Structures are given as C-alpha cells and as structure tokens.
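Colleague: Submitted below is the structure of interest, expressed as structure tokens.
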Amino acid sequence: MTSFPDAPEESAAAAYSGGWLTAFLLSLGISLLIVSPFFSRGIASGHDFEFHATSWLDVAAQWKQGILYPRWTEGANHGFGEPRFIFYPPLSWLVAPALSFLLRWDYVPIAFIVLVQTFAGLSAFAFARRLLPRRAALFAAACYTANSNALLMVYFRSDYAELLASAFFPLLFLAALQLCGTIESTGKRRSRALVLFSATFAAVWLSNAPAAVMATYSVALLFAWSAFHERSWHPLVRGAMGLALGFGLAAFYIVPAAYEQRWVNITQALAPGLLPSENFLYTATNDPEHTLFNYIASTIAVVLVVFTGVAALAALAESRQAAANRNGRQIWNAFLLTAGVATVLMLRPSSLLWQLLPKLRFVQFPWRWMSILTIPFVYFLSAAFSHRRFRVLCTVGAVAVIFGAAVPLVQQTWWDDEEFPSLREAIANGNGFDGTDEYDPVNDDHYNLPAKAPAAQFLQSGDKADVPASDSASSSAPKTPNASVPGAAITVERWTAEDKVVNVSSPQPGRLALHLLNYPAWQVEINGSRIQPEQADDSGQMVLPLPAGQSRIHIHFARTRDRILGGILSLLSLLTAAALFFWTRQEPRG
C-alpha cells in the first residue's frame with residue numbers, strides 16, 4: 001500500500017517556537033515581497049480595483065454617520081445609491097476600511113494584501129502541518145503565500161475579496177478531511193471538527209460568492225468521495241451537517257442576498273464578456289483586451305495543472321514506507337480527484353455542467369477554478385519536497401512557477417498613483433462613483449440618472465415622473481423639462497446613507513424628485529403617514545406625490561423580513577456552534 005510521511009509528534013511549545021513563528025515570519029516576508037512593486041510603481045489598478053476601493057470608502061463614510069453595518073451604498077450611481085452591500089459579501093469591505101484607522105488610505109490596499117497573504121501562509125501551514133513534516137509544511141506556507149493565482153488577483157485583477165476567500169481554503173480543506181474522517185482527529189471529538197469546518201465555510205461565503213460556490217462544490221465532492229471510499233453514509237451525513245451549520249452562520253448575508261435578487265437586475269452579472277462560455281481556457285473573443293487577459297490566465301492555469309500532475313506522481317513514487325500514515329493514499333486520491341475536477345471545469349467540454357449545476361454559471365470565469373487547484377498543487381509539491389531526493393527540484397519548480405507568473409504580471413498590469421485619490425475626492429465632493437449593473441433595482445437604467453440633480457427637486461403635479469437625464473444618457477432617452485414650482489421651498493434636514501428627512505412647503509400639489517433610487521427596502525412617510533413611492537419611468541429615481549402646504553418627508557432604509565430571518569438563523573447557528581465547541585472541551589480526552 002502506498003502511503004505518505006506522517007507529521008512527527010512534538011510538544012506544543014516546540015511547535016510554536018519552531019513552527020508557527022517561523023511560518024508567520026516566512027509568510028509575512030513573502031507578502032512584503034509581493035507588494036514591494038507597489039512602493040515604486042504605485043497601486044496595481046486591476047479590473048476590480050475601483051469597485052473595491054469605492055466600497056471601502058463608502059463604508060468608512062457611513063461609519064462616520066454611525067452606521068456600523070452598511071446595507072445601502074450611498075455614493076454609487078453618483079449619489080443615487082444602490083443596494084451593493086446587500087449582495088456583496090461583507091468581510092473584505094469591513095476589513096479594509098478598518099485598516100484606514102491605522103494607515104493612510106494610500107497604503108490600505110498594500111496593508112490588506114500583506115494581511116491576507118500572511119494569513120494565507122499560516123492557513124497553508126496549519127493544513128500541511130497536519131499532513132506532512134514541519135519542513136514540508138513551511139515549504140507549503142511559502143508556496144501558497146506566493147502562488148501564481150494569488151499573484152494574478154493581486155496584480156492584474158485587484159480582486160481583494162476573492163483573495164481573502166482563497167486564504168481560508170487550506171483551513172477549509174483540512175476541516176473537510178477531518179470531518180469526513182480521512183484525517184483522524186487525535187484526542188478530539190468530531191463535533192470540534194464540525195465547528196471548525198462550519199466556521200471556515202461561513203468565512204468563505206462571507207468573503208466572496210464565486211469562491212464560495214466553488215468551495216461548496218469542492219467540499220461536497222470530498223464528502224461524496226469519502227462516502228464512496230468507506231462505503232458508508234457517515235461522511236455524507238457529517239458533511240451535510242457541517243454545510244448546514246456553515247450556511248446558517250452566514251445566513252445574515254446569504255438570506256437577504258438570495259431573497260432580494262428579485263429586486264435587482266442580478267442577471268447583468270452574466271452580461272456579454274462575463275459568460276462562462278467566453279472564458280474557458282484560451283477562448284478568443286472580439287475584445288482584444290479580454291482575449292489577452294484570458295490567455296494570461298489560461299497560461300497560468302495550464303502551468304499549475306502540469307506542475308500539479310508532476311508533483312502528484314513524484315509524491316506517489318517516493319512515499320512507500322509501510323509504517324507511514326495509513327490514510328495517506330486516500331488523501332492523495334482525494335486531492336487528485338479535486339485537481340482533476342477543477343481542471344475539467346476550466347475546459348470547454350464541461351460547458352454542459354456550467355449550464356446544469358445550480359449557480360455555477362455565476363462563477364463566470366472557469367479559470368477561477370485555479371483557486372481550488374492551488375490546494376492540490378501545494379499539497380503534492382510539499383509532499384514531494386518532504387523527500388530529500390526531490391527537495392531541490394521542488395524548490396526550483398516552485399520558484400520557476402512563482403517568478404514566471406510574477407514578472408510578466410508586474411510588467412503588464414496598470415499601475416496608477418492617482419486613481420485612489422481621485423475616487424476619494426469624488427466621494428468627498430458628493431460626486432460619487434459609477435454604479436454596478438447587477439445591483440441596479442429592477443426597471444432602473446442608471447445611465448439615465450441625472451448625475452447633477454439636487455438632493456430634492458419639486459415638480460408640478462401634472463408633469464410625468466421622468467427627470468432630466470444625465471450627460472451620459474442616450475439621445476433617445478425620454479426627457480422632461482425642469483418644472484420647478486414658484487414659491488416652493490425645500491429644506492433638507494437630514495441626509496445620510498439610510499435616513500433622510502426633507503421639509504417641503506408649496507402653494508400647490510406637486511411631485512418631489514429625490515436624488516435616490518427607489519428600492520423596496522425604503523420606507524417613506526409623509527407627515528407621519530406611510531406611502532408607496534413612485535419612480536421615474538426611465539431611471540428608477542424615487543418620486544413622491546406631495547399635497548399643497550407643508551410636508552415633512554422621512555425616508556428610512558428599513559430592516560426587511562428577509563434580513564430579520566437571516567439574522568435569527570445566524571444567531572441560532574452561532575449558539576449551536578458554541579454549544580458544540582464548549583461541550584467538546586468538557587469531554588475527557590482519549
């Protein structure tokens with residue numbers, strides 16, 4: 001039977017002083033090397049940089065308003081807002097603004113990358129230390145901290161949320177192997193493994209949705225494989241329990257995001273250019289820039305696939321000690337299966353699966369499966385490294401893969417020192433920033449919004465709810481002249497992200513056009529009576545019918561039932577996880 005070297009027993013103090021501390025310093029040092037080009041070239045302004053930067057800045061502004069957990073993105077659509085924070089997982093846009101209390105904003109992206117990749121290295125060390133000797137685990141930490149997929153996210157994509165989700169992947173796979181029984185939890189009950197798995201699984205969902213979809217399918221595959229190998233339903237049952245508890249912990253985000261999709265144009269996430277069919281490996285489109293990036297990502301993916309296969313063969317060939325870990329071959333098989341499935345899903349013949357499997361199409365880019373492939377890659381390479389005969393070859397191979405990706409990525413990405421300050425200035429001036437198509441409320445076209453409109457504008461009652469379109473609107477968009485009412489007075493008493501109070505005095509009835517998108521969560525009261533707001537036909541701008549005389553308008557972003565339900569489920573899940581954890585601690589060892 002083929003097996004793998006087991007991690008030697010050592011005291012907790014020795015593990016800390018000779019293992020964890022070294023892993024931390026190693027991961028931190030490599031993370032600093034990753035961001036070193038930022039100090040001479042500026043900030044890497046990749047595909048998603050503006051989206052993440054504006055989210056961070058908007059959250060920081062709302063914290064100053066006393067809103068600790070934002071839901072409505074105030075500055076989006078140039079001040080009209082959007083429900084971005086309902087749908088986008090919260091961890092990245094909570095962590096980065098917190099760093100701004102310690103550092104200047106210009107250094108927040110750098111600090112975020114260093115923090116996340118240092119954690120990624122420690123996560124990989126914890127994963128590999130449970131499976132391999134300490135030296136090999138340190139090698140795994142170094143390889144995962146600087147893996148080529150992470151470099152692609154740092155330099156070319158600026159996808160900080162997916163980078164954060166990937167940092168949890170080693171812990172997630174470790175917990176999954178423990179939960180299904182492939183790794184024995186010496187001296188610990190499986191309920192502790194259940195809590196670890198569910199917490200890590202929830203952390204992935206709270207970091208990045210596409211990464212979470214891939215993680216869900218991947219761990220489900222591990223549970224199914226373990227059940228097949230053991231010819232037992234137990235791994236599937238334990239896995240289902242872990243997934244359910246993990247979904248429950250993240251329910252405060254997942255439930256509103258799932259329920260309120262009916263209120264936005266969520267299908268715009270699959271607009272042309274974002275479809276899986278346009279992003280399989282080496283797919284060419286009519287967009288030269290899209291094709292160039294696809295070729296870059298595809299080349300990195302192919303290199304990972306090849307090195308994963310070679311490392312797997314080397315690890316298998318060199319691990320034939322009869323007294324080694326009896327579950328080693330099962331782990332090897334599990335990771336080979338994971339690598340194989342991740343590879344297949346990046347290729348065009350898998351297109352039918354992308355259409356049939358629930359929510360898989362929202363991963364958008366098949367090459368994203370590199371994030372999953374990186375786990376088997378690091379494991380196999382580190383397993384081979386643990387054998388002296390392959391140590392030099394593994395080191396040379398890792399360096400070649402990492403630097404082979406880093407050098408061209410650093411040279412070809414867009415470096416910009418001005419974009420972040422420009423976004424900060426636009427928000428400070430009240431100009432806001434562009435919105436996101438998939439978070440547009442239903443029946444809204446944010447390109448027709450009047451970007452220069454005041455906070456509130458009074459219109460004659462006979463006029464339609466349409467308002468002047470912005471300069472970016474098409475010439476065919478319907479336009480209505482500015483029909484302000486003589487003698488009407490408007491006073492904005494309060495205008496924050498989630499609470500707005502406006503006083504209007506008018507000698508005749510009319511309509512009040514607000515610098516705000518209509519959305520079902522907005523509750524509107526006029527003189528203490530709840531009303532249903534109207535909206536402009538071509539843009540979704542909120543419009544309120546007003547009587548003659550004095551009107552006090554109070555608009556509040558309410559806690560909807562789906563948010564209440566999600567919060568209750570998360571609280572119950574948290575209490576369940578705590579009960580399992582503390583009940584486990586009270587049990588005798590052995």
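The values are calculated or read from the model by the stated rules, or taken from the named source; none is laboratory data. Note that this is a predicted model, so its numbers are computed, not measured. Reconstructed Cβ throughout: ideal geometry from the backbone, glycine too, with neighbour counts over all protein chains shown.
Colleague: Please enumerate the residues belonging to the range 512-547 that are modelled with pLDDT of 90 or more and among the small types (Gly, Ala, Ser).
Modeller: To start, the set of residues in the range 512-547 that are modelled with pLDDT of 90 or more comprises 512-534, 541-547.
Correct list: ALA513, ALA521, GLY528, SER529.
Colleague: If you don't mind, another one. Considering only residues that are out of contact with any strand residue (DSSP E or B) (no Cβ under 9 Å at 6 or more places or on another chain), surrounded by 24 or more Cβ atoms within 10 Å (Cβ to Cβ) and closer than 16 Å to PHE557 by Cα, which ones fall in the range 38-73?
Modeller: Across the range 38-73, the qualifying residue is only PRO70.
Colleague: Here is a follow-up. Is at least one residue of the range 152-173 assigned by TED's automatic domain parsing to the domain that holds PHE51, at pLDDT 95 or above, out of contact with any Asp or Glu (no Cβ under 9 Å at 6 or more places or on another chain) and assigned to a loop (DSSP other than H, G, I, E, B)?
Modeller: No: zero hits.
Colleague: Then there is this: Sort out which residues of the range 402-429 are within 20 Å of PHE39 (Cβ to Cβ), under 24 Å from the mean Cα position of the chain (by Cα) and of a type in the set (Val, Ile, Thr), and write them in order of number.
Modeller: ILE402, VAL410, THR413
Colleague: Report, ordered by the first and then the second residue, all pairs with beta carbons closer than 9 Å, sequence separation of six or more or different chains, a first member in the range 101-120 that is on the phi < 0 side of the Ramachandran plot and not assigned by TED's automatic domain parsing to the domain that holds ILE34, and a second member that is surrounded by fewer than 22 Cβ atoms within 10 Å (Cβ to Cβ) and modelled with pLDDT of 95 or more.
Modeller: Close Cβ pairs satisfying both conditions: none exist.
Residues are listed down the side, and each one gets a yes or a no for (1) out of contact with any helix residue (DSSP H, G or I) (no Cβ under 8 Å at 6 or more places or on another chain); (2) under 28 Å from MET153 (Cβ atoms); (3) modelled with pLDDT of 95 or more; (4) surrounded by fewer than 23 Cβ atoms within 10 Å (Cβ to Cβ):
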residue	(1), (2), (3), (4)
ALA193	no, no, no, no
ALA215	no, yes, yes, no
SER226	no, no, no, no
GLY242	no, yes, yes, no
PHE247	no, yes, yes, yes
PRO272	no, yes, no, yes
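Colleague: Do you know which residues across the range 436-462 are in a helix (DSSP H, G or I) and at pLDDT below 85?
Modeller: Within the range 436-462, HIS446, TYR447, ASN448 qualify.
Colleague: Does PRO210 qualify as being assigned to a helix (DSSP H, G or I) and in contact with an Asp or Glu (Cβ under 9 Å, 6 or more places away or on another chain)?
Modeller: yes
Colleague: Restrict the check to the range 380-390 and report whether at least one residue is in contact (Cβ under 8 Å) with a residue 24 or more places away in the chain, farther than 22 Å from SER45 by Cβ and not in a helix (DSSP H, G or I).
Modeller: Yes, some residue in the range 380-390 is in contact (Cβ under 8 Å) with a residue 24 or more places away in the chain, farther than 22 Å from SER45 by Cβ and not in a helix (DSSP H, G or I).
Colleague: Here is a further query. Given the range 498-590, what strands (runs of 3 or more DSSP E) lie entirely inside it while holding 1 or more residues that are touching a strand residue (DSSP E or B) at 6+ places or on another chain (Cβ under 6 Å) and surrounded by fewer than 19 Cβ atoms within 10 Å (Cβ to Cβ)?
Modeller: Here the list reads 499-506, 522-526, 529-531, 541-546, 549-557.
Colleague: Quick check: is even one residue across the range 428-435 assigned to a helix (DSSP H, G or I) and either surrounded by fewer than 19 Cβ atoms within 10 Å (Cβ to Cβ) or small (Gly, Ala, Ser) (or both)?
Modeller: yes
Colleague: Can you go through VAL363, VAL378 and tell me which one is aliphatic (A, V, I, L, M) and either surrounded by fewer than 24 Cβ atoms within 10 Å (Cβ to Cβ) or at pLDDT below 95 (or both)?
Modeller: On the way: VAL378 fails: either surrounded by fewer than 24 Cβ atoms within 10 Å (Cβ to Cβ) or at pLDDT below 95 (or both).
Every option except VAL363 fails the conditions.
Colleague: I would also like to ask the following. Checking the condition of a type in the set (Ser, Thr, Tyr) and at positive phi, which residue from TYR295, TYR282 passes?
Modeller: Only one candidate qualifies: TYR282.
Colleague: Filter the range 48-84 down to residues that are of a type in the set (A, V, I, L, M, F, W, C) and touching an Asp or Glu at 6+ places or on another chain (Cβ under 8 Å), then give me how many there are.
Modeller: Number of matching residues: 6.
Colleague: Let me ask you something else. Go through (1) modelled with pLDDT under 90; (2) closer than 30 Å to THR299 by Cα; (3) among the β-branched types (Val, Ile, Thr) and name the single condition VAL467 misses.
Modeller: Among (1) modelled with pLDDT under 90; (2) closer than 30 Å to THR299 by Cα; (3) among the β-branched types (Val, Ile, Thr), the lone unmet condition for VAL467 is (2).
Colleague: Out of all the residues in the range 26-37, is one or more surrounded by fewer than 17 Cβ atoms within 10 Å (Cβ to Cβ), at pLDDT below 95 and either hydrophobic (A, V, I, L, M, F, W, C) or part of a helix (DSSP H, G or I) (or both)?
Modeller: Checked against the condition, which is being surrounded by fewer than 17 Cβ atoms within 10 Å (Cβ to Cβ), at pLDDT below 95 and either hydrophobic (A, V, I, L, M, F, W, C) or part of a helix (DSSP H, G or I) (or both), the range 26-37 yields no hits at all.
Colleague: Follow-up. Scan the range 64-93 for residues that are hydrophobic (A, V, I, L, M, F, W, C), touching a helix residue (DSSP H, G or I) at 6+ places or on another chain (Cβ under 7 Å) and over 15 Å from PRO441 (Cα atoms) and report the count.
Modeller: So the count comes out to 2.
Colleague: Would you check which residues across the range 236-251 are touching a Leu at 6+ places or on another chain (Cβ under 8 Å) and either polar (S, T, N, Q) or closer than 19 Å to ALA579 by Cβ (or both) and list them?
Modeller: If the condition is that a residue be touching a Leu at 6+ places or on another chain (Cβ under 8 Å) and either polar (S, T, N, Q) or closer than 19 Å to ALA579 by Cβ (or both), then ARG238, MET241, GLY242, LEU245, GLY248, LEU249, ALA250, ALA251 are the ones that fit.
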